[in-house]
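This report concerns only the one structure given below.
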Amino acid sequence: MIPRLLLATNNFGKLAEYDVLLEGCGWELVTPRDLGIDLEVDETGETYEANATMKARRGAEASGLVTLADDSGIEIEAMGGNRASVRRASSARTPRTLSASPRSSGS
């Protein structure tokens, strides 16, 4: 039986990257959507690593599977460069840019 690896995202762009990076790894790659679970996590960590850890733990708890997560963010020099940079893009949104939310394509 092939082990399953939960990728803690439904973002099509990230999934395409994982497909390339993990090709031939010996695991069946599954998503929260495949399993019918919601992995929405409030990313309150102080680092990208902390946010990814929160997502991976949430995925493992919800699915019982080994879970791989990442946190890629935007870094904006004008926002101070560090603490604000690891916050979700939603923390920097204004009403004018809300329609361009990266969350519309998945988590």
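For the stretch 62-80, residues that are at pLDDT below 80, touching a helix residue (DSSP H, G or I) at 6+ places or on another chain (Cβ under 8 Å) and assigned to a helix (DSSP H, G or I) total 1.
Glu43 meets all of the listed conditions (1) of a type in the set (D, E, K, R); (2) exposed (fewer than 15 other Cβ atoms within 10 Å of the Cβ); (3) part of a loop (DSSP other than H, G, I, E, B) but one, namely (2). Only a single criterion out of (1) touching a strand residue (DSSP E or B) at 6+ places or on another chain (Cβ under 7 Å); (2) exposed (fewer than 15 other Cβ atoms within 10 Å of the Cβ) is not satisfied by Phe12, namely (1). Restricting the first member to the stretch 29-48 and to residues that are in contact (Cβ under 8 Å) with a residue 12 or more places away in the chain, and the second to residues that are of a type in the set (Val, Ile, Thr) and crowded, with 17+ Cβ neighbours inside 10 Å, the beta-carbon pairs closer than 6 Å and six or more apart or on different chains are Thr47/Val86; Tyr48/Val86. Flag: Leu21 does not match the condition of being surrounded by fewer than 18 Cβ atoms within 10 Å (Cβ to Cβ), over 12 Å from Arg58 (Cα atoms) and touching a Leu at 6+ places or on another chain (Cβ under 8 Å). For the stretch 27-40, the set of residues classified as assigned to a strand (DSSP E or B) and among the acidic types (Asp, Glu) consists of Glu28 only.
How many of the residues in the stretch 1-14 are free of Cβ contacts under 8 Å to residues at least 60 places away in the same chain and closer than 16 Å to Leu68 by Cβ? Before you say what the answer is, go through the steps one by one.
Within the stretch 1-14, the first condition is being free of Cβ contacts under 8 Å to residues at least 60 places away in the same chain, and the residues that meet it are 1-2.
Imposing the further condition that a residue be closer than 16 Å to Leu68 by Cβ reduces the set to 2.
Matching residues across the stretch 1-14 total 1.
Within the stretch 34-52, the residues that satisfy the criterion of being among the hydrophobic types (A, V, I, L, M, F, W, C) and within 15 Å of Thr9 (Cα to Cα) are Leu35, Ile37, Leu39, Val41, Ala52.
Only residues that are small (Gly, Ala, Ser) and surrounded by fewer than 17 Cβ atoms within 10 Å (Cβ to Cβ): list them for the stretch 58-72, please. Steps first, answer last, please.
Within the stretch 58-72, the subset small (Gly, Ala, Ser) is 59-60, 62-64, 69, 72.
Selection gives Ala60, Ala62, Gly64, Ser72.
Scanning the stretch 1-26 for residues that are closer than 18 Å to Lys55 by Cβ, of a type outside the set (S, T, N, Q) and outside any helix (DSSP H, G or I), which turns out farthest from the chain's Cα centre (by Cα)? If we take residues in the stretch 1-26 being closer than 18 Å to Lys55 by Cβ, of a type outside the set (S, T, N, Q) and outside any helix (DSSP H, G or I), then Arg4 is farthest from the chain's Cα centre (by Cα).
When each of Val86, Val30 is tested for being at pLDDT 90 or above and surrounded by 11 or more Cβ atoms within 10 Å (Cβ to Cβ), the lone residue that passes is Val30.
Checking the stretch 46-53 against the condition returns a match, with at least one residue being assigned to a loop (DSSP other than H, G, I, E, B) and more than 22 Å from Met1 (Cα to Cα).
The values are calculated or read from the model by the stated rules, or taken from the named source; none is laboratory data. Just so we're clear, the structure is a prediction, and the values are computed from it rather than from any experiment. Reconstructed Cβ throughout: ideal geometry from the backbone, glycine too, with neighbour counts over all protein chains shown.
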